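The values are calculated or read from the model by the stated rules, or taken from the named source; none is laboratory data. Remember, it's a predicted structure, so these values are computed and weren't measured experimentally. So basically every Cβ, Gly included, is an ideal-geometry build from the backbone, and we count neighbours across all protein chains shown.
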Amino acid sequence: MDCKKKGEVLIKSRGNKMRILGLDIGSKRIGIAVSDEMGWTAQGKGTLIRKNMREDIKEISNMVSQYEVSEIVVGLPLNMDGSRGNSAQMVMAFVEKMEKKIEVPVSAWDERLSTVAAEKTLLEADLSRKKRKKVIDKMAAVLILQGFLDMRGQKRN
């Protein structure tokens, strides 16, 4: 692992390898997914129960360090007509505060229907309502991140 000094911060460089953190931010929970180092696949890592903005961002910052994340992708719940409703405004307010505390780029990704797709996938897997509730946010984060990774892969090709 190469190290470069930037100001007083030691930056670890892993060549072209990177991990991207995918977040599905809701009012009560945050679904979490992380890409592999090559940026090809998304794996669900769990669900964070929301406490308050400061604690939530601290937990996300810890994940950035733990998984050596180089970028964060946040699902943006746009309305079907592409406009920003209350949920999208809440997510963007969260992103603005997160960007001040975490020093990796943050991208918003159109997540229309990701939760619907996650619910459909879990229904097809015949999970009970109780089990679906435990994993729906994580599954939505996986779908958000995988969509972003797929789009990025198409641009590279």
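Filtering the stretch 45-62 to residues that are touching a residue at least 40 places away in the same chain (Cβ under 8 Å), surrounded by fewer than 20 Cβ atoms within 10 Å (Cβ to Cβ) and either hydrophobic (A, V, I, L, M, F, W, C) or part of a strand (DSSP E or B) (or both) leaves Lys45, Gly46, Met53, Ile57.
Counting only residues that are basic (Lys, Arg) and modelled with pLDDT under 95, the stretch 55-99 holds 1 of them. I'd like to know if the stretch 70-85 contains one or more residues that are under 16 Å from Arg29 (Cβ atoms), among the small types (Gly, Ala, Ser) and either touching a residue at least 12 places away in the same chain (Cβ under 8 Å) or exposed (fewer than 11 other Cβ atoms within 10 Å of the Cβ) (or both). Checked against the condition, which is being under 16 Å from Arg29 (Cβ atoms), among the small types (Gly, Ala, Ser) and either touching a residue at least 12 places away in the same chain (Cβ under 8 Å) or exposed (fewer than 11 other Cβ atoms within 10 Å of the Cβ) (or both), the stretch 70-85 yields at least one hit.
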